[in-house]
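Report on the following structure.
Nothing in this text is a laboratory measurement; each read-out follows from the coordinates by a stated rule. Nothing here was measured: the structure is a model prediction, and the numbers come from that model. In this analysis, Cβ positions are derived from the backbone assuming ideal geometry, glycine residues included, and neighbour counts consider all displayed protein chains.
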Ligand code: DGL
């Protein structure tokens, strides 16, 4: 048994779909989430930048002494996981491996279409992961650059504009007549219903849910599940605009966001490479709340 928290990070608020799945599969685990809202989106950035940002995000979370870190961002998982893994002193889980493996399982040898950001598609990480498990599976990919902002605008599966744009993206994968459509971006589970409407014969696989199941298994195998019987606490930290994170993030999480703290650049970058105990960080945040540029929003539970 291990009561330490699970740390989760993403380029912004999209990773809350992974947190939502974690809370469903592991309701007693305490979770620390970092959303890099100051630097989102990662999905259009170079791999060098994504690797550097992801390393900084991990370093920030290691201050909380987590038992495991999850890269909830598909773009990070696709571009940076290999480089990060040897540098992180606890297990680091990404979403590409679990998503690919669930897609392969559900496709049963038939074809798979992956929808993702530009950077994830360019990396071909999903294709590699799928072919590693099932070398002969036909795979196609489609980048959907407008979807992230449309979803963050609050457009849902019944929205006409979203359906129109999604339909056009799906044109690119229809030729393959995929048995499975893999949602390879944190935001897409919110429009899974629309994908299902437009591709009625395909199964929709969500990397977020597959990742939560992999994490549960990994912790159970290591006897590292929390022994608590209380609902796990969720603390969120963001690098900018906690108000927007709270307002927009609620629909990604599927419940109101109770605790969100803005980490100023100074707090985020301070002694990045040195392990900093959470107590010291919390003191720094408390001190920072006296300054006009630092806001601490926390309604607790
Ligand atoms: N979280 C990103 C992903 O899953 C989507 C948003 C972004 O581009 O940063 O790829």
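Against the chain, whose longest principal axis is taken from its Cα atoms, helix 16-25 shows a tilt of about 90°. Full extension of the chain segment joining residue 161 with residue 244 gains 27.6 nm, where the gain is 0.36 nm per residue of separation less the Cα-Cα distance. For the range 80-145, just say rounded, prolate or oblate: build the C-alpha gyration tensor, square-root its eigenvalues into a ≥ b ≥ c, call rounded for a/c under 1.5, and beyond that prolate if a/b exceeds b/c, oblate if not. It is oblate, given that a/c is not under 1.5 and a/b is not larger than b/c. Using alpha-carbon positions, what is the distance between the centroids of the range 97-152 and the range 26-45, in Å? First find each Cα centre; the distance between them is then 21 Å. Ordering 187, 132 from the fewest to the most neighbouring beta carbons within 10 Å gives 132, 187.
Can you tell me the orientation of helix 278-288 relative to the chain, as the angle in degrees between its alpha-carbon axis and the longest Cα principal axis, to the nearest 10? Helix 278-288 and the main axis of the chain meet at about 80 degrees.
Of all beta bridges that DSSP places with both ends in the chain, some 10 percent have antiparallel geometry. Exposure proxy ranking for 236, 73, based on other Cβ atoms within 10 angstrom of each Cβ and starting from the fewest, stands as 236, 73.
Placing R0 at 41 angstrom, the Cβ-Cβ distance between residue 146 and residue 229 gives a FRET efficiency of 0.40 after rounding to 0.05.
I need the shape label for the range 1-130. Rule: rounded when a/c is under 1.5, else prolate if a/b > b/c, else oblate, with a, b, c from the alpha carbon gyration tensor. Mind showing how you got there, number by number?
Numbers: a/c = 1.78, a/b = 1.23, b/c = 1.45.
Oblate is the answer for the range 1-130, as a/c is 1.5 or above yet b/c matches or exceeds a/b.
Multiplying the sequence separation of residue 168 and residue 255 by 0.36 nm and subtracting their Cα-Cα distance, what value in nm do you get? Present the calculation step by step, with values, prior to reporting the outcome.
On the way: separation 87, 0.36 × 87 = 31.32 nm, distance 3.15 nm.
This chain segment gains 28.2 nm when fully extended.
A full extension of the chain between residue 222 and residue 266 corresponds to an added length of 12.2 nm, given 0.36 nm per residue minus the alpha carbon distance.
Approximating the spin labels as points 7 Å out from Cα along Cα→Cβ, the residue 118-to-residue 28 distance works out to 4.6 nm. Placing dummy labels 7 Å off each Cα toward the beta-carbon, the span from residue 48 to residue 213 is 4.0 nm.
As a footprinting exposure proxy, order 130, 112, 161 by other Cβ within 10 Å, with the fewest listed first. Before the final figure, lay out the partial values.
Numbers: 130 24, 112 28, 161 11.
Starting with the residue having the fewest Cβ neighbours, the order is 161, 130, 112.
In the chain, helices alone account for a calculated mean residue ellipticity at 222 nm of -13000 deg cm²/dmol, with every DSSP H run of four or more residues adding -39,500 (n - 2.57).
When a/c is below 1.5 the answer is rounded, else prolate if a/b is larger than b/c, else oblate, so apply that to the range 95-235 with a ≥ b ≥ c taken from the square roots of the Cα gyration tensor eigenvalues. Please report the intermediate quantities before stating the final value.
Numbers: a/c = 2.14, a/b = 1.31, b/c = 1.64.
The shape class here is oblate.
Computed from the alpha carbon positions, the gyration tensor of the chain leads to an equivalent ellipsoid with semi-axes of 32, 21, 18 Å, biggest first.
Mark the label point 7 Å from the Cα of residue 132 along Cα→Cβ and return the residues of the range 31-49 whose backbone N is within less than 20 Å of it. Under cut-off, by backbone N: 47-48.
Each part reduced to its alpha carbon centroid, the range 166-205 and the range 69-87 end up 24 Å apart. Helix 96-107 axis versus longest C-alpha principal axis of the chain: approximately 30°, rounded to the nearest ten.
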